[in-house]
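Please read the structure below before turning to the comments.
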Amino acid sequence: MGNSRAGQATGAGTRTATGSATGTGNGPAGATRDEAALPDRIRNAVIACLDEFGYAATSIQRIQEQAAVSRGALTYHFASKEDLMVETAEHLLRPTLSPRRPSRPESPVTRADVVADINWMWTRLVDTREGRALLEILVAARSDKVLRARISPTFTRWNRDINDSLIASYPSTHLDSHALDEIWTICRVFLRGLNTQRQFDKNDAQITALTRRFGQIIADLLVPAEPPEQREA
């Protein structure tokens, strides 16, 4: 009997005196943790596949292999490729709604702030594995009617929310909300386009120069020039 119990325990991790699982996490507590982490693990596999192979080649089979999960485990959480893409897009968009620059009326935003923040958006949000994966989903939605119908409400809501967040973070005394909404929409369109251009232009210095120049253009729109008398003072 003793040998039988030892054999059953092999590969299942050790257990404490209270019976809780340690080691490999195959006990009830470990299984619960693994199950909770599985959707994130699958989403990370989707992101990796989209970035490396593109949307068309990111199949259920490839995602399953990347995530190292069974087909049943994958489809239990995500029944179709469209479900995977919608959930992944929402997962990628959510963190971008947190403003980088809190609104502080007592400390007005400067032109240098705008240029630095747009560069931050490019390097930390867009020119990343996650940013490229999101672009793959967006481009695919142009011709994939089912995917477009599924993600359109998400992106419409996100476009509105991200603009509201940016307008609050970069208040203007000379532009109305409609003009600010247009400016930040142009900014997103430019950064997405630059992400596409990046695949054909590997010159990092050129990309950095383009980002800086665009940031200066946006800064000129958002932050009015100081009158000559103020600059002299």
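The values are calculated or read from the model by the stated rules, or taken from the named source; none is laboratory data. From a predicted model like this one, the values you see are computed outputs, not experimental measurements. Virtual Cβ from ideal backbone geometry, glycine too; neighbours counted across all protein chains shown.
Worth a mention:
Residue by residue, here is whether (1) farther than 30 Å from Glu82 by Cα; (2) crowded, with 17+ Cβ neighbours inside 10 Å holds:
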{"position": "Val115", "(1), (2)": "yes, yes"}
{"position": "Leu135", "(1), (2)": "no, yes"}
{"position": "Pro171", "(1), (2)": "yes, no"}
{"position": "Trp184", "(1), (2)": "no, yes"}
{"position": "Asp204", "(1), (2)": "yes, no"}
{"position": "Ala209", "(1), (2)": "yes, no"}
{"position": "Gly215", "(1), (2)": "yes, yes"}
{"position": "Ala225", "(1), (2)": "yes, no"}
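- Residue satisfying all of: in the range 151-190; in contact with a Phe, Trp or Tyr (Cβ under 6 Å, 6 or more places away or on another chain) and under 18 Å from Ala116 (Cβ atoms); modelled with the lowest pLDDT among these: Leu166
- Check on Ser165, in contact with a helix residue (DSSP H, G or I) (Cβ under 9 Å, 6 or more places away or on another chain), in a loop (DSSP other than H, G, I, E, B) and of a type in the set (S, T, N, Q): no
- Residues that are of a type in the set (Asp, Glu) and either within 29 Å of Ala56 (Cα to Cα) or touching a residue at least 24 places away in the same chain (Cβ under 8 Å) (or both), drawn from the range 137-194: Asp144, Asp161
- Highlighted here are the helices (runs of 4 or more DSSP H) found entirely within the range 51-144 that include at least 2 residues which are under 29 Å from Ala205 (Cβ atoms): 111-121, 129-143.
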